[in-house]
Every structure is written in C-alpha cells, then in structure tokens.
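The values are calculated or read from the model by the stated rules, or taken from the named source; none is laboratory data. Not measured: the values here are computed from a predicted model. Positions of Cβ are generated from backbone atoms using ideal geometry, with glycine treated the same way; all protein chains shown enter the neighbour counts. Ligands, DNA and RNA are excluded from the accessible area calculation, which covers all protein heavy atoms including side chains. Shrake-Rupley method; radii C 1.70, N 1.55, O 1.52, S 1.80 Å.
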Amino acid sequence: MTTGNSPSYRFAYIVSFLLHPFVLIVPLFMIISIRFAPTVYEGVLCGIVIILGSAAAPFAFIRRGVSRGRWSDHDISRREQRLVPFLYTIGCMVCAFAFLLLLEAPLELLATFAGMVCAVASALLVTQLARWKISLHLIGVTGTVLTLALLLTPLAYWLAPLIVLVGWARWRVGAHTLSQALAGVALAATVTFLVYQAFGL
C-alpha cells in the first residue's frame with residue numbers, strides 16, 4: 001500500500017519522520033542526562049555527546065551517501081544497503097560511550113546508551129544473518145517508551161499507543177510488514193529489560 005497522494009499516506013509519512021529514531025534520540029537522552037547528572041551543565045554535556053555520536057554523525061554520513069546515490073533513502077529502506085551505515089553508526093556510538101565514561105556519566109545514562117548500542121547491533125545481526133529487514137523505527141519508539149517508564153515514571157506507559165501508531169505508519173508507507181514491526185518491538189523490549197537488569201537498575 002503505497003498510494004503517496006492519499007491523506008493517510010501523508011499522515012503516515014509525517015509520523016515516520018517525527019518519530020524517526022534519530023529524532024527520538026534528542027529529547028530522550030537530554031531528559032535522561034539532565035535528570036540523573038549531578039548538575040544541569042553535566043547533563044547537557046553528556047546529552048550533546050550522545051546526540052553527536054548517535055544521531056548527528058550517523059545522519060550526516062547517511063545523508064551524504066544518499067546524495068551520492070550509494071543508498072536509496074535516509075531510512076536505508078533496502079536491506080542489502082544497511083551494513084555500512086549500521087557499522088558506521090555503531091562505531092560512532094562506541095566512541096560516544098567512551099567519552100561518557102571519561103565524563104563519568106551517571107549509571108542510568110550509561111545503561112540507557114548501552115541498551116541502544118546493543119539494540120542497533122542486534123538489528124544489524126538480524127538484517128545480515130537472517131536477511132530480514134527488522135524495523136528500526138519500532139526499536140526506537142519502543143525503547144524510548146520503556147526507558148521513560150522504567151527510569152522516570154510508570155505514567156510513561158501511557159505513551160504506548162505511539163508504538164502502535166508508528167507500526168501502522170511504517171506499514172502504511174510500505175516500509176515494513178506487521179511481523180517486521182512486531183519483531184522490532186520484541187527486540188527493543190528484550191534488550192531494554194536485560195540491559196537494565198545487567199546494570200542493576
């Protein structure tokens with residue numbers, strides 16, 4: 001279902017853009033950073049490190065690749081094109097994590113960031129080994145909702161309908177099947193709970 005002129009398609013496209021993983025990273029990690037860092041300054045600094053390493057640098061790399069025709073679009077919709085962007089993103093995340101350790105970032109922030117790195121690495125394994133395009137959008141929005149609920153307030157579970165909305169949007173624009181969306185939800189939930197348990201949170 002890819003009728004691009006219909007209102008539902010345009011709405012789904014907007015939802016996909018606004019709730020893109022690169023977009024969600026910014027408010028999520030700023031909130032967690034400021035909430036758990038000893039000072040607002042340290043929180044903002046840690047947040048900037050994460051945003052640069054896990055959103056800005058990977059997005060710039062992908063955008064450059066798209067402009068040069070290496071990849072089909074900014075979502076890297078074609079599964080066979082995902083290896084290099086994934087590896088670059090993971091490399092940037094590892095560098096950002098090292099900076100967080102140097103900055104003595106709070107445990108909650110380290111755990112959340114480690115969870116994201118594990119989720120991206122797991123998605124890469126699924127994409128390459130199973131040759132299956134798991135939904136990064138669903139990984140991102142599910143991880144965001146669970147992180148806010150587990151670290152800040154259970155009231156964040158009321159944001160769960162956003163997961164359904166993003167799942168519908170990715171199906172509506174023809175990016176993913178229902179099973180690929182559900183797999184993204186399951187992977188994000190599993191990784192989030194396991195990583196927080198490993199960090200003792």
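Ranked from largest to smallest solvent-accessible area, with a 1.4 Å probe on the protein heavy atoms, Val40, Val141, Val84, Val185 come out as Val40, Val84, Val185, Val141. Can you give the local net charge around Ala57? Use residues other than it whose beta-carbon is closer than 12 angstrom to its beta-carbon, Lys and Arg +1, Asp and Glu -1. Net charge in that neighbourhood comes out at +2.
Over all other residues within a Cβ to Cβ distance under 10 Å of Thr177, the charged ones net out to +2, with Lys and Arg as +1 and Asp and Glu as -1. Helical content of the chain, expressed as a calculated mean residue ellipticity at 222 nm, amounts to -23500 deg cm²/dmol (DSSP H runs of 4 or more residues, -39,500 (n - 2.57) each, divided by residue number, nearest 500).
Counting only Cβ charges, +1 for Lys and Arg and -1 for Asp and Glu, the dipole size of the chain around its Cα centre is about 800 debye. Compared with the rule-of-thumb size 2.2 N^0.38 Å for a compact globular protein, the chain has a Cα radius of gyration ratio of 1.00.
Using the beta-carbon distance between Trp132 and Leu155 and R0 = 35 Å, what value does 1/(1 + (r/R0)^6) give for FRET efficiency, to the nearest 0.05?
0.50
When the charge dipole of the stretch 53-201 is built from unit charges on Cβ atoms (+1 for Lys and Arg, -1 for Asp and Glu) and taken about the Cα centre, the candidate among Gly174, Gly200, Pro106 whose Cα reaches farthest toward its positive end is Gly174.
Rounded to the nearest 0.05, the FRET efficiency derived from the C-beta distance between Leu102 and Thr190 at R0 = 41 Å is 0.90.
Counting every pair of alpha carbons in the stretch 58-176, the share spaced more than 25 Å apart comes to 32 percent. Were the residues from Val23 through Arg10 laid out at 0.36 nm apart, the gain over their Cα-Cα distance would be 2.8 nm.
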